[in-house]
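Following: one structure in structure tokens, then a few remarks.
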Amino acid sequence: MNSESVTTPETYTEAHAAETTGHGDISVGVAGSGDSSASATRITPGNALRPEDIALEVRTGLVKPSEDAAEYALRLGDDALILAQRLGHWISRAPELEEDVALGNIALDQLGHARSFLSYAAGLDEKSEDDLAYFRREHEFRSAHLFEQPNGDFAVTIARQFVVSYYQFELYSRLTQSTDATLAAISAKAVKEVDYHRDHSAQWILRLALGTEESRARIIHGLKLIWPYVGELFVDDELTHRLAEAGTAVEPSSLKADFDRLTGEILTEAELEVPQVPFAPGGGRRGKHSEHLGYILAEMQVLAREHPGASW
Amino acid sequence: MTPHGNPEVPASSAGAVESSAAKVPAGPVSEPSASPVIEPSASPVIEPVEIPVSTSSTSGVSTSAVSTSSVSTGSTSEVSTSSTGNVWPLWEVFVRSSRGLSHVHAGSLHAPDAAMALRNARDLYTRRNEGVSIWVVPADAIAASDPDAKGSFFESPQGKDYRHATYYTKSEGVKHL
Amino acid sequence: MAAQNLQPVPEALSPEEQERAAQLDAEGQAYFDHVMAQDSRIEPKDWMPAAYRKTLLRQISQHAHSEIIGMQPEANWISRAPSLKRKAILMAKVQDEAGHGLYLYSAAETLGQPRDKMMDDLIAGKARYSSIFNYPALTWADMGAIGWLVDGAAICNQVPLCRASYGPYGRAMVRICKEESFHQRQGFEILLELSNGTPAQKQMAQDAVNRWYAPALMMFGPPDDDSPNSKQSMAWNIKRFSNDELRSRFVGMMVEQVRVLGLTLPDSEVRFNDETRKWEHGPLDWEEFKEVLAGRGPCNAQRLERRREAHDDGAWVREAAAAYAAKQARKHAEKEFAA
């Protein structure tokens with residue numbers, strides 16, 4: 001930003017520094033007072049791990065994932081990417097404007113995690129996050145079915161988010177201890193954001209369950225629609241065996257007890273029961289997806305694929 | 001990790017945003033007196049009384065309510081503050097931009113209750129690291145001074161120069177005074 | 001207090017009351033005039049002329065509606081953004097627009113109009129919003145053109161409004177302008193990437209600039225001689241520069257910037273007038289402007305319908321949260337009573 005200190009003739013007394021853009025100064029035309037540095041609009045970019053940092057480390061050869069770690073990062077990245085794609089649809093359609101912003105923040109967090117994990121995974125054979133997101137085919141994706149489920153009404157979205165955030169919180173908490181420094185660093189950033197997602201979804205579970213008759217019926221229905229896909233999240237396989245042994249990751253099944261306990265507490269407070277529905281077999285980790293993924297990818301990839309090799 | 005800011009440009013430009021942004025006054029700003037007689041909208045702060053509203057926040061945002069303040073944005077009796085129907089009441093949001101500074105009025109929003117108001121405030125008013133603490137107050141809980149009485153209400157301090165160090169000129173030049 | 005001015009006036013005032021009311025109005029007007037003369041600020045609880053309140057309310061709520069409706073053409077491209085970085089930027093931008101709508105609705109509410117009433121008016125088609133959002137966003141390059149031209153024009157309009165005479169409006173504009181500084185830049189960068197890209201990408205960029213240029217110029221409103229309310233608004237300091245003045249400044253900026261982009265403006269008559277020291281542009285189709293404003297634009301019905309749908313679909317959620325809050329408050333009160 002091009003900024004400099006300017007004196008605006010409109011101010012009555014002392015000159016104050018104002019932000020300038022190409023359009024002139026943004027100033028309220030009145031001088032500050034009191035603790036003059038107190039401001040409700042002071043903005044900073046913050047200081048945290050960004051997807052670009054991972055991409056840079058990968059590009060410069062500072063880090064390179066093992067084959068197993070790359071495959072694992074692909075799973076985490078695809079989960080977050082597909083969910084971000086789903087959540088992005090709510091922006092301009094949420095039940096209230098404040099919730100447009102809230103869901104947008106969650107979508108942006110998820111997209112950030114996706115980009116970090118995919119950038120890391122892409123380091124295996126010198127690709128980029130976009131190569132992975134836009135130029136893989138459906139069976140090459142590794143997302144679990146839960147993340148692919150349609151938004152439905154707000155209750156279905158909240159039910160899905162409730163499961164996702166409690167699952168991701170347990171997962172990322174443990175991955176902060178990963179022997180893979182990059183996975184640990186991405187998880188350390190992500191776990192704090194996902195903690196807030198837990199809070200957001202829990203607040204809404206309570207309000208929908210204990211609000212009106214209609215909202216209660218809808219959240220019960222939403223949880224019932226989503227619950228079959230909970231099982232897949234906690235299934236171990238050969239990859240997770242190997243990674244768990246190496247200390248790179250943990251067995252998904254080891255998260256289940258804490259997930260059950262913590263989601264159970266919220267459901268109890270909301271006077272809800274864990275839906276008694278059989279788990280679907282899943283298969284996303286092996287490239288066997290729900291019917292929904294094809295449509296999601298068709299929309300997400302259409303423009304990038306129209307212009308292969310183009311830069312945006 | 002690498003410094004923040006746009007990775008495609010040197011990190012110093014990110015710092016520029018921060019330093020310039022910090023200098024722009026915003027929020028309720030009291031205006032300097034244009035004339036000694038009529039004071040346009042001064043905003044003296046009546047000592048706020050802190051009352052905890054909700055401490056169940058899991059997001060680490062502090063919660064308290066200010067019972068009185070002269071913040072002028074605000075409640076109108078048309079805006080219902082009881083949660084009826086599907087219209088959520090109005091809340092005023094105060095943000096502390098960093099430790100050691102006061103909470104400053106940032107704006108308002110609608111929310112069904114204090115817990116959600118805090119969360120909405122976090123999402124709406126701190127998307128760019130604007131704060132380390134948030135207060136939310138039901139808009140109709142704010143008592144404000146009567147604007148029509150500003151002449152008499154704020155007249156007394158006028159002319160009492162002896163309250164200010166600058167009144168005492170004879171001690172000028174004396175060290176440590 | 002805003003509400004006081006809206007309270008029903010009793011049928012008959014006694015002569016003393018009438019005299020007192022007239023005196024209060026006269027005092028209020030004098031103070032208001034003083035504030036205007038000093039270029040100071042009016043705050044929500046100050047006395048203000050009824051016409052000032054009405055004009056402001058219309059201006060701020062239209063501005064808020066524009067932010068909210070303006071989310072749609074861009075939100076439509078979030079799912080198709082051609083890179084993950086662009087997807088994140090676009091998401092953040094559209095989300096910002098929701099935020100800007102909220103800041104502005106808040107400012108309007110201080111004038112005594114609840115937000116749900118403004119929202120009802122919007123959905124009922126009774127309120128206006130910036131006509132430009134009734135044009136379709138057809139290609140990815142439109143994300144660039146909207147950011148560069150539409151947000152650019154908006155910023156031109158908004159920066160002077162940071163000094164608007166109504167305090168809450170000015171403060172909202174400060175926050176919005178600070179946040180929006182990235183909006184125009186990201187649009188410019190989208191176009192720059194496209195312009196430096198493949199021939200197909202460059203053509204996409206030029207096509208988008210061609211389509212958005214004239215509507216963006218018309219965002220500043222009708223020519224000064226056809227803008228009867230401008231003068232009063234300028235006297236009230238809720239409009240700082242005339243429509244033509246701002247338009248001319250904007251054209252000047254675009255002329256410079258379009259060169260950097262390696263694109264052209266679809267206007268062969270753009271020139272700097274050495275006598276007036278102002279930028280001039282070719283004729284604009286004000287008939288089309290009026291048509292779109294009157295509801296006969298390409299996307300008017302679609303935009304309103306989408307807003308109505310979101311509002312209606314969300315009703316049960318808002319009700320649920322309100323009911324929960326009421327129940328919790330009751331519980332809390334009962335506990336207090338028992339203790």
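The values are calculated or read from the model by the stated rules, or taken from the named source; none is laboratory data. Remember, predicted model here, so these are calculated numbers, not experimental data. Quick reminder, even Gly has a Cβ in these numbers, built from the backbone with ideal geometry, and neighbours come from all protein chains shown. Only protein heavy atoms, including side chains, enter the accessible area calculation; ligands, DNA and RNA are left aside. Shrake-Rupley method; radii C 1.70, N 1.55, O 1.52, S 1.80 Å.
Just to be sure, is C:Gly282 closer than 19 Å to C:Arg86 by Cβ and not in a helix (DSSP H, G or I)?
no
If you check A:Glu126 against the conditions, is it of a type outside the set (Lys, Arg) and at pLDDT below 95?
yes
Each row is one residue, and each column tells you yes or no for (1) part of a helix (DSSP H, G or I); (2) open to solvent by 30 Å² or more (accessible area, probe 1.4 Å).
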| position | (1), (2) |
| --- | --- |
| A:Ser116 | yes, no |
| A:Asp131 | yes, yes |
| A:Tyr134 | yes, no |
| A:Leu146 | yes, no |
| A:Pro150 | no, yes |
| A:Ala159 | yes, no |
| A:Phe162 | yes, no |
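Confirm whether A:Glu245 is of a type outside the set (S, T, N, Q) and either over 30 Å from B:Ala114 (Cα atoms) or touching a residue at least 40 places away in the same chain (Cβ under 8 Å) (or both).
It is true that A:Glu245 is of a type outside the set (S, T, N, Q) and either over 30 Å from B:Ala114 (Cα atoms) or touching a residue at least 40 places away in the same chain (Cβ under 8 Å) (or both).
Does region C:303-321 hold any residues that are at the interface with another protein chain (Cβ under 8 Å from one of its Cβ atoms) and within 20 Å of C:Tyr129 (Cα to Cα), and which are they?
The answer is C:Arg306, C:Glu309, C:Ala310.
Please give the number of the condition C:Arg247 fails out of (1) out of contact with any Pro (no Cβ under 8 Å at 6 or more places or on another chain); (2) open to solvent by 10 Å² or more (accessible area, probe 1.4 Å).
(2)
Exactly one condition in (1) more than 25 Å from C:Gly70 (Cα to Cα); (2) not in a helix (DSSP H, G or I) is not met by C:Leu265; state its number.
Checking C:Leu265 against (1) more than 25 Å from C:Gly70 (Cα to Cα); (2) not in a helix (DSSP H, G or I), the one that fails is (1).
Would you check if there is a residue in region A:152-164 being within 14 Å of chain C (Cβ to nearest Cβ), under 20 Å from A:Gly284 (Cα atoms), of a type in the set (Lys, Arg) and in contact (Cβ under 8 Å) with a residue 40 or more places away in the chain?
No: zero hits.
Take the conditions within 14 Å of C:Trp316 (Cβ to Cβ), modelled with pLDDT of 95 or more, among the polar types (S, T, N, Q) and open to solvent by 10 Å² or more (accessible area, probe 1.4 Å) and apply them to A:Thr212. Does it pass?
Against the criterion (within 14 Å of C:Trp316 (Cβ to Cβ), modelled with pLDDT of 95 or more, among the polar types (S, T, N, Q) and open to solvent by 10 Å² or more (accessible area, probe 1.4 Å)), A:Thr212 qualifies.
Here are the criteria: (1) in contact with a helix residue (DSSP H, G or I) (Cβ under 8 Å, 6 or more places away or on another chain); (2) in a helix (DSSP H, G or I). Tell me which single one C:Glu334 does not satisfy.
Exception for C:Glu334: condition (1).
Do any helices (runs of 4 or more DSSP H) lying entirely in region C:145-226 carry at least 3 residues that are of a type in the set (S, T, N, Q) and either open to solvent by 10 Å² or more (accessible area, probe 1.4 Å) or modelled with pLDDT under 95 (or both), and which ones are they?
Output list reads C:167-195, C:199-218.
Quick one: is C:Gln59 open to solvent by 10 Å² or more (accessible area, probe 1.4 Å), under 20 Å from C:Met119 (Cβ atoms) and of a type outside the set (Gly, Ala, Ser)?
Answer is yes for this residue.
Per-residue answers, yes or no, for (1) charged (D, E, K, R); (2) buried (at least 19 other Cβ atoms within 10 Å of the Cβ); (3) away from chain A (no Cβ under 14 Å); (4) within 19 Å of C:Ala153 (Cβ to Cβ):
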residue	(1), (2), (3), (4)
C:Gln232	no, no, yes, no
C:Met253	no, no, no, yes
C:Ala323	no, yes, no, no
C:Ala339	no, no, yes, no
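Take C:Trp279 and decide whether it is hydrophobic (A, V, I, L, M, F, W, C) and either in contact with a His (Cβ under 6 Å, 6 or more places away or on another chain) or open to solvent by 40 Å² or more (accessible area, probe 1.4 Å) (or both).
Yes; evaluated as a whole, the condition is true for this residue.
Working only within region A:32-53, note down all residues that are of a type outside the set (A, V, I, L, M, F, W, C) and at pLDDT 85 or above.
Once the filter is applied, which keeps residues that are of a type outside the set (A, V, I, L, M, F, W, C) and at pLDDT 85 or above, region A:32-53 yields A:Arg50, A:Pro51, A:Glu52, A:Asp53.
Can you give me the number of residues within region C:20-55 that are within 18 Å of C:Arg240 (Cβ to Cβ), of a type in the set (A, V, I, L, M) and part of a helix (DSSP H, G or I)?
Qualifying residue count for the region: 3.
Is at least one residue of region C:115-131 under 21 Å from C:Gly187 (Cβ atoms) and within 7 Å of another protein chain (Cβ to nearest Cβ)?
No, the conditions are met nowhere in region C:115-131.
Output the residues belonging to region A:54-96 that are modelled with pLDDT of 95 or more, open to solvent by less than 10 Å² (accessible area, probe 1.4 Å), within 14 Å of chain C (Cβ to nearest Cβ) and assigned to a helix (DSSP H, G or I).
A:Gly77, A:Asp78, A:Ala80, A:Leu81, A:Ile82, A:Leu83, A:Ala84, A:Leu87, A:Gly88, listed by residue number.
If only one of A:Leu233, A:Leu183, A:Leu223 is aliphatic (A, V, I, L, M) and in contact with a Ser or Thr (Cβ under 8 Å, 6 or more places away or on another chain), which one is it?
A:Leu183
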